[in-house]
1. Rounded to the nearest 0.05, what FRET efficiency is calculated for residue 66 and residue 23 with R0 set to 41 Å and r the Cβ-Cβ distance?
2. Give, rounded to the nearest 20 debye, the magnitude of the charge dipole that the stretch 144-261 has about its Cα centre when Lys and Arg contribute +1 at Cβ and Asp and Glu contribute -1 at Cβ.
3. How high is the relative contact order of the chain, in percent, with contacts defined as C-alpha pairs under 8 Å that are six or more residues apart?
4. Calculate for the chain the 222 nm mean residue ellipticity that helices alone would give, adding -39,500 (n - 2.57) per DSSP H run of length 4 or more and normalising by residue count, nearest 500 deg cm²/dmol.
5. Calculate, for the chain, the solvent-accessible area per residue in square angstrom, rolling a 1.4 angstrom probe over the heavy atoms of the protein chains.
6. With +1 assigned to the C-beta of every Lys and Arg and -1 to the C-beta of every Asp and Glu, and no other charges, what is the dipole magnitude of the chain about the Cα centre in debye, to the nearest 20?
7. Could you look at the chain and say what percent of its accessible area is carbon and sulfur, using a 1.4 Å probe and all protein chains?
8. Using a 1.4 Å probe and counting only protein heavy atoms, arrange 68, 229 so the residue with the most accessible area comes first.
Amino acid sequence: MSQSTSEALKNIKNKQRRQKVFAELKHAKNKERHTKRSERAKEERADPTLREERLATNIPETIESKRVYDETITAEVEGVDEFAQYFLSGKQPKILLTTSENAKKVAYEFADILMDFLPNVTFIKRKKEYSMVEIAQYASKRDFTELIVINEDKKKVTGLTFIHLPEGPTFYFSITSLRDTKQIEGHGRATNHIPELVLNNFNTRLGKTIGRLFQSIFPHTPEIQGRQVITLHNQRDYIFFRRHRYVFRNEEKVGLQELGPQFTLKLRRMQKGIRGDTVWEHRPDMERDKRKFYL
């Protein structure tokens, strides 16, 4: 709103009259904008190159477009690649799933959700007398390739710990926005087919390491006939988990039916080996610059 219009409104002492004038001015402004948009659309239909020129020059700025440059983008994994032996061996993933100590009902319910889509997974109830290192050693001797621990606090699932076996590394993710399949309107029913895995926007050196972690959890031989796909989409260091099924409407159109669950992960810590030295850890001061991303 222009300065003159603001001054005009200030000079109107009656509140109801001032509100009425403001509404009239806003309506006139909206009408003018819609008229211009309609005229522009008419011109662009007559000459499509006008629309192409407008879109080429009128690029909106986003936080992603203003992202602070990270020199590790497109860089390969630095140092020893802990996942190299797993990928070279051609092993199929074998996952051991457990909970934190003194887990409540919500942790076991979330374990059921994970077991619905994780391949070749075995759940064991956590016992106090065994430490995380001892459980990892137990799992390694029985050819498990991954240990996943559900972290629960005050009757709420708060995170997931991934330990790549037999020698790490260890990753801890916080978990938010959890919705099970029943809470998703119009959801489908999943089958036992091995899904395809889609990883989006894991661009930095750390991001590539996280991508390799997820690749080590799912088999590399998806059963295409199941038409199921799991997507892990990284946006501003938040990793969104979704599971869908392709639905062929006709020979040309394809839709997606959500199967659930939904949740959001955020990397909080990466450690060498089995809960060894911290390699990377999220700190509160990292949130100050909203244009800096780490994955």
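The values are calculated or read from the model by the stated rules, or taken from the named source; none is laboratory data. Only a predicted model underlies this, so the values are computations on that prediction, with no experimental measurement involved. Ideal geometry is used to build each Cβ from the backbone, glycine not excepted, and the neighbour counts take in all protein chains shown. Only protein heavy atoms, including side chains, enter the accessible area calculation; ligands, DNA and RNA are left aside. Shrake-Rupley method; radii C 1.70, N 1.55, O 1.52, S 1.80 Å.
1. On the way: r = 36 Å, r/R0 = 0.88.
For R0 = 41 Å, the calculated efficiency reads 0.70.
2. Working: 16 positive and 12 negative charges, 57 e Å.
Magnitude of the dipole: close to 280 debye.
3. Numbers: 458 pairs, mean separation 51.6, N = 295.
Taking the mean separation of contacting Cα pairs over the length of the chain, I get 18 percent.
4. Working: 7 runs with 88 residues, N = 295.
So the helix-based figure for the chain works out to -9500 deg cm²/dmol.
5. Roughly 64 Å² per residue, with all protein chains present.
6. On the way: 55 positive and 41 negative charges, 392 e Å.
Dipole magnitude for the chain comes out near 1880 debye.
7. Numbers: 9150 of 18850 Å².
Of the solvent-accessible surface of the chain, carbon and sulfur hold 49 percent.
8. On the way: 68 50, 229 10 Å².
Of 68, 229, the descending order of accessible area is 68, 229.
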